Amino acid sequence: MVEHGDIRVVHRGGSKINFRKPVITNDSRFLLCASGESVKVFSTSTEECIHDLRGHTDLVTGVLIKPSNHLQAFSCSADGTVRLWDFTDGILIKVRLLPSIVVCPLFQLVAVHLPQSGDQLVEARELSAVLTGISSNPAATVFGRGGEYIASANGLQLEVYFFKKQKAYRFSLKEDNKKGGKNTFTCVACHPNDDCIATGHEDGKIRLWRNFNHKKEYTYSTLHWHHSAVSSLSTNLLSGGIESVLVQWRYNQENQRDFLPRLGAAITHIAVSPDGALYCTSHSDNKITIIQSCVKVSAVIQGLVKGESVGTDLMIDPRSKSLVLNGKPGHLQFYSLQRDKLLYNLDIVQQEYIHESGLQQFEVVKAAFDASGNWLATVEERKQKGAELELNLKLWAFDEQTQSFVLNTTISAPHEAQITGMCFSHATDSQTTMLVSTSKDGHFKAWQLAAQSQTDADEGPSWSCDFVGAYHGLVPECCSFSADGSLLAVSFQEVVTVWSPASWELLTTLSQPPKAIRNLCFGRLSCSKYLLGTTDSNLLCCWNLLTCSLEWSTSMDVSLLLADPLSENMAAFCCQAGLFVFKPSEPRPLFSQKAVCSGMVTRAVFAPREEMLESCEESSQWLNRSQLYFLTQYMVNNTNRSAVKEKKSLVIDDSVAMTPFYLLLGKHRQQQQGGDDPQSGVSAERTPLPQGSVAIKELLQTPAHVLPSTSFLCSMFVQSLLISVTDSREESKHAEEEMESEKEEEDSEEEIESSRTRPEQQAAVGGGEAAESAAPAMTKAQVRELRRVKKLDHSWLAGLLDS
Amino acid sequence: MASFKPTKIQVYPKLGEKVTQDTLYWKNYKAPVQIKEFGAVTHIDFSPVAPHNFAVTAFTRVCWHLFVHIYGPFSQEPVKTFTRFKDTAYSGRFRSDGQLLVAGCEDSVVRLFDVGGKVALRMFRGHTKAVHVTDFTSDRYQILTGSDDYTCRLWDIPNSTELNTYQEHTDYIRCGVTSKLNRDLFITGSYDHTLKLFDARVDRSVMTMDHGQPVESLLLYPSEGLLVSAGGRYVKVWDLLKGGQPLVSLKNHHKTVTSLCLSTNGQRLLSASLDRHVKVYNTTNYKVVHNFDYAASILSLALAPDDESIVVGMTNSILSIKHRKSPEESKEISGQQRRRPSYRVFVKGKNYVPKQDDYLVSKPVKQHLAKYDKQLKKFNVSKALDTALETWTRHRKPEITVAVIKELDRRGTLNNALAGRDEQGLSQLLNFLIGNLVDPRFAPVLVTAAEMILDIYHSVIGQSPVVDRQLLRLQELLEREIDYQQDLLEVLGMLDTMFASTGLECLCNLFFETSDTFPDMTFVSHRLHPARLLV
């Protein structure tokens, strides 16, 4: 029954846009940059992504405007192809296949003669090696004045190759000079119409080389401003490095320089538009800044920032439904999943970031939202060698007017040691919001919004500590609130303690020795009586809180356990990227798949869908309300690959349309009917019951105590029976079937995704009709009449009676 | 280009008591007027009619003459003095119309005065011992007296005859009140620990309450449903309507409570005690909301109508009168502050709304930075520290200096900023350290700075006597602090064993809370060992 083919992992974006130097088009209107496996075209004025040039099957390693036609651009990729695009319309024009030898990691510079041909797919065969042993960094290789020579630097050597003379000159530097500076080349730039090469070095020096067309008589002058490596140079003698200051040197009067400071993060690439009016800088935080004539930042294109580690878990902002994680140092980023765009950065640390390597900075390590999105709690810490840990707990209130978070309370040193876990009480209706933080100092603390005092009304309410708890001096690890906020579970190594937040009584302890608890999670909705935990000894335990006993446990190496906030489902990621989705109340998993992706899944989150999907596949039903997003280890290892992936269901219907009701009773009926008559069994199976009927959904999902009384239902039910009396039983069933298939056709128009399999199903339904063609057909009027009577759509009760 | 983010100055919680509505209200009194009386002031009573004169009962030890002074509400000289007492007078009280005044006496005679006259109108003889309690009944024609002969009596004023005698108390009667609503009801409190409610229509008490201590003072709420009694260290509130059920027992003084009074709106209860404090309680939850300190043990306390003044009599025979500040006066004080530019200056031109065809020329908003931030922006670390160490900042706003030091530390340039100072600069820095190192708010930052200073300058120790002296002072300071921490830890250990023996969970929680507050003070000893300073 469980099929996995229809659930697939989709890469949802967040690729690097700062991997290679961006290119500004001749008219300065567009900006092209390599982004993962595609080339993105941005508008320089509006920052919007205009086209996504897709086609490469591997990482795009370079983009270039075609010199002869400035409306076309080349892109090369690690898949061994060079593609020519019309970037204004986003059309692929040509594909050139390069022999595979080129992409092997020898880093030879080769000249490729591109044959002129009309075909779209061309294989280039003529290759000639120009330079060997060049640096893998494309910034270290550059064409000089009008393409007369090419300069390439690697290590301590600068190599200049003259195409006309077919001659290469090499210039070497000593490894380091007297003052301990490192002379290693980092980047090269050539003057556009003068014989001058500028090279950037590891120690922050810039050298200007002249007279290099004579091996012996070359000269160089040195410029020094940067304190560490010059990471990028451009033809206008712009330089940038980790200081995140764009420096413009004046050619021939090098003592004068202009600065553009505080660009946000280390500069990795600098590009200049052909007319020199626009500069753009790529930054290490996945950002491209467009600068007008070295004075004004006119636009910022920001991608998903990937810090060294995602200290804060992936979170969903309940208001904007955006993904929240730590991004730039000291910031939280709000990233729209729908539009693959960074919405905004929230400055948590609020301190000037000092761009210097080896400096310990404040980092956002934990963050949590409350259920309504009104409060955000963040923890920042800074660990200095030999000094005490600096911790700050900050609470942010959502401000309706500015539509962003405003700092409400700063608690310095909330704990004496690192904070291991933090969570808000989920209860949305309660008057007071509560935050619980656990720390390695052996305590957990509850923080509460203190009542507003009378005299300092201007200050408003602030947070203060409400309770400090401990359990036998053990270190608390995880904490979790139950769905209604009436219980708090805190794990102390192998012991789970359950507290009542109202009275701060220790209610019970649960434990599953011998190993420490790794994850802790309460069930939701109908499963809220269950508490799930995973241990280091590869156990997944489920405790029943009513009996305070272990309900079930299974041996499973779970690395991540998370609950869907909108349903009972829980997802567990195993260490080998296996994914299990289950309900705590049911022993059988709803969905399981081995190796969802390569590499370990480090973080994951359920994001609610904007519209509920109406998939009936049992295995994909758990994705109806929310989508599962996860971050893989990949991101850390190989950051240029896809970072955020999405698990997404494709709604593919079998011939049997499955309703929630069918799930409950279908199998039972199938057995029974299959037993007595194969023919009718088929017909029953083919009976497409109302799929996604709102009434049924309502009826099935509303708790029994909210439903109208049985007597009320009964009379309606009997009324519906009265009609079936006029026709034969089979007829009514058939009529129903017809009606529902009609309905399904309506549905199918909405479900675009399911359209692929629609013909198949149509055929199946058609088959069903044919099989029962003997039965007298029902007129449309009758059908309408039937529909009118069954306003509550409880026709399924008839089926219940039948079986 | 992002703007420069200024140095974050940490906001520390304000130390000291919190400012509440109550403290504002009760602090809004002028400096007290002090009047030297002839002896301990035993009773103060305000006249119920305007201009609310008050009668002060005091005696001199020298001649055992006893006075009842009547003061005007704002005068410092007595309006009138009654001196016709042979012995110590007690409990001078006004009648509800303010025309008559009654006072008891050590010589057991109760005297009734006309406020206008000097000679006693009536003398009630009958008690055998000193009369400490006198009061008018609500019908204004009878007088209640209570005496040390264990009796309380009712007298008729027109006939000056004794109406009734109640002999139920078994000790001195030292306080009593009459009901303002019912002419027949009165309550007496005695040193036999009991309060008795008498009804003049029957010949005995109708209700008895046990206070547990000798009763010093009694007070009836205006509604007369609640009775407050003071005796020993306790103030107790009784519900008369529930048959004298105790409602609350307050133990906020550490010596005998001598006097009680109620604020005019009935929301606050004041109690005065021999421990020199007057405490103000909220009458809804009986929490102390304010506290007055006085120079000597307080014997009597009275509050003028509308809380216009607080009058306190003390054992050192000083009468202290605090008058409420008039609204103009409280305004005057704020008006005395520096004149600021008017609001118009700031909004000048800013509230102009652009019209449709206007071309908007935007001007970048200039960011105003503090001096030290300007230096930090230029990476002038030494100069930044210098500006932060300017005298005014150092003394008035040490948190700014500390924040700059912290910022420099974060930037990894604190070493550079501290180094290369001359004798004067170094001694300035050391002075600041001496002043603030042991402050638990600043200690973590300053300890790092102190260690760095020692590392940098240990080679020049011995060259400058000024610096050497300061280093020695710093060492002394730290040694003292360490001793102090040691003591605190000992206390903590004692508490620990105490809580362990009680074994109650709530106490354990309390312990955790206290242990949370202690580490703030203990880390100095953990971090900075004196050995480091000896280099």
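Sort out which residues of region A:112-161 are modelled with pLDDT under 75 and among the acidic types (Asp, Glu), and write them in order of number.
Selection gives A:ASP119, A:GLU123, A:GLU126.
Just to be sure before I move on: is B:ARG233 basic (Lys, Arg), farther than 24 Å from B:ASN282 by Cα and touching a residue at least 12 places away in the same chain (Cβ under 8 Å) in the structure I sent?
Values: basic (Lys, Arg): yes; farther than 24 Å from B:ASN282 by Cα: no; touching a residue at least 12 places away in the same chain (Cβ under 8 Å): yes.
Considered against the rule, which asks whether it is basic (Lys, Arg), farther than 24 Å from B:ASN282 by Cα and touching a residue at least 12 places away in the same chain (Cβ under 8 Å), B:ARG233 comes out as no.
Could you tell me how many of the residues in region A:283-295 are within 21 Å of A:VAL41 (Cα to Cα) and surrounded by fewer than 21 Cβ atoms within 10 Å (Cβ to Cβ)?
2
Can you find a residue in region A:249-264 that is surrounded by 18 or more Cβ atoms within 10 Å (Cβ to Cβ), over 22 Å from A:ARG145 (Cα atoms) and more than 13 Å from chain B (Cβ to nearest Cβ)?
So far as region A:249-264 goes, no, none of its residues is surrounded by 18 or more Cβ atoms within 10 Å (Cβ to Cβ), over 22 Å from A:ARG145 (Cα atoms) and more than 13 Å from chain B (Cβ to nearest Cβ).
Whether any residue in region B:460-481 is modelled with pLDDT of 90 or more, closer than 23 Å to A:LEU389 by Cβ, open to solvent by 10 Å² or more (accessible area, probe 1.4 Å) and in a helix (DSSP H, G or I) is what I want to check.
Yes, region B:460-481 has at least one match.
Taking strands (runs of 3 or more DSSP E) that do not extend beyond region B:210-329, which have at least 1 residues that are under 18 Å from B:ALA40 (Cβ atoms)?
Of the strands (runs of 3 or more DSSP E) lying wholly inside region B:210-329, those with at least 1 residues that are under 18 Å from B:ALA40 (Cβ atoms) span B:215-220, B:226-231, B:257-262, B:268-273, B:277-282, B:298-303, B:309-314, B:318-323.
Can you tell me which residues in region A:265-286 are under 16 Å from A:VAL142 (Cβ atoms) and within 14 Å of chain B (Cβ to nearest Cβ)?
Of everything in region A:265-286, nothing turns out to be under 16 Å from A:VAL142 (Cβ atoms) and within 14 Å of chain B (Cβ to nearest Cβ).
Can you spot a residue in region B:23-37 that is assigned to a loop (DSSP other than H, G, I, E, B), at pLDDT below 80, of a type in the set (Lys, Arg) and surrounded by fewer than 19 Cβ atoms within 10 Å (Cβ to Cβ)?
Checking region B:23-37: not a single residue is assigned to a loop (DSSP other than H, G, I, E, B), at pLDDT below 80, of a type in the set (Lys, Arg) and surrounded by fewer than 19 Cβ atoms within 10 Å (Cβ to Cβ).
How many of the residues in region A:183-226 are in a strand (DSSP E or B) and of a type in the set (D, E, K, R)? Walk me through it before giving the result.
Going through region A:183-226, the residues in a strand (DSSP E or B) turn out to be A:185-190, A:196-201, A:205-210, A:219-224.
When the remaining residues are screened for being of a type in the set (D, E, K, R), the result is A:205, A:207, A:210.
So the count comes out to 3.
Which residue is surrounded by the fewest Cβ atoms within 10 Å (Cβ to Cβ), if the candidates are limited to region A:477-508 and must be away from chain B (no Cβ under 14 Å) and polar (S, T, N, Q)?
A:THR508
On the given criteria, is B:ALA443 over 22 Å from B:ALA370 (Cβ atoms) and within 14 Å of chain A (Cβ to nearest Cβ)?
The answer is yes for B:ALA443.
Of the conditions (1) at pLDDT 85 or above; (2) at the interface with chain B (Cβ under 10 Å from one of its Cβ atoms); (3) over 30 Å from B:GLU451 (Cβ atoms), A:HIS415 clears all except one; give me its number.
Checking A:HIS415 against (1) at pLDDT 85 or above; (2) at the interface with chain B (Cβ under 10 Å from one of its Cβ atoms); (3) over 30 Å from B:GLU451 (Cβ atoms), the one that fails is (3).
Assess whether B:SER263 counts as being crowded, with 19+ Cβ neighbours inside 10 Å and not aliphatic (A, V, I, L, M).
So B:SER263 fails the test.
Looking at B:LEU181, B:LEU197, can you tell me which residue is surrounded by fewer than 21 Cβ atoms within 10 Å (Cβ to Cβ) and touching a helix residue (DSSP H, G or I) at 6+ places or on another chain (Cβ under 9 Å)?
Selected residue: B:LEU197, the only one of B:LEU181, B:LEU197 that is surrounded by fewer than 21 Cβ atoms within 10 Å (Cβ to Cβ) and touching a helix residue (DSSP H, G or I) at 6+ places or on another chain (Cβ under 9 Å).
Of all residues in region B:373-399, how many are open to solvent by 30 Å² or more (accessible area, probe 1.4 Å) and part of a helix (DSSP H, G or I)? Write out each step before concluding.
Initially, region B:373-399 is screened for residues open to solvent by 30 Å² or more (accessible area, probe 1.4 Å), giving B:374-375, B:377-380, B:382-383, B:386, B:390-392, B:394-397, B:399.
With the extra rule that they be part of a helix (DSSP H, G or I), the set shrinks to B:374-375, B:377, B:382-383, B:386, B:391-392, B:394-396, B:399.
Count: 12.
When you scan region A:377-389, do you find a residue that is over 18 Å from the mean Cα position of the chain (by Cα), within 24 Å of A:SER231 (Cβ to Cβ) and either among the hydroxyl-bearing types (Ser, Thr, Tyr) or open to solvent by 40 Å² or more (accessible area, probe 1.4 Å) (or both), even just one?
Filtering region A:377-389 for residues over 18 Å from the mean Cα position of the chain (by Cα) gives A:377-389.
Adding the requirement that they be within 24 Å of A:SER231 (Cβ to Cβ) leaves none.
No, that holds for no residue.
Looking at this structure, is B:GLY425 in a helix (DSSP H, G or I) and more than 14 Å from every other protein chain (Cβ to nearest Cβ)?
Yes.
Can you tell me how many residues in region A:43-64 are within 15 Å of A:ASP86 (Cα to Cα), open to solvent by 40 Å² or more (accessible area, probe 1.4 Å) and not basic (Lys, Arg)?
So the count comes out to 4.
If you go through region B:442-452 one residue at a time, do you hit one that is at pLDDT 90 or above and of a type in the set (S, T, N, Q)?
Checked region B:442-452: no residue is at pLDDT 90 or above and of a type in the set (S, T, N, Q).
Suppose we filter region B:79-121 for residues that are buried (at least 19 other Cβ atoms within 10 Å of the Cβ) and assigned to a strand (DSSP E or B); how many remain?
Count: 19.
So which strands (runs of 3 or more DSSP E) are wholly in region B:142-185 and hold at least 2 residues that are farther than 18 Å from B:ALA89 by Cβ and of a type in the set (S, T, N, Q)?
Passing ranges, in order: B:161-166.
Take the residues in region B:400-447 that are in contact (Cβ under 8 Å) with a residue 40 or more places away in the chain and polar (S, T, N, Q), then tell me which one is surrounded by the most Cβ atoms within 10 Å (Cβ to Cβ).
Ranking the qualifying residues of region B:400-447, first place goes to B:SER427.
The values are calculated or read from the model by the stated rules, or taken from the named source; none is laboratory data. As the structure is a prediction and not an experimental result, all values here were calculated from the model. Virtual Cβ from ideal backbone geometry, glycine too; neighbours counted across all protein chains shown. Heads up: the accessible areas ignore ligands, DNA and RNA and are worked out on the full protein's heavy atoms, side chains in. Shrake-Rupley method; radii C 1.70, N 1.55, O 1.52, S 1.80 Å.
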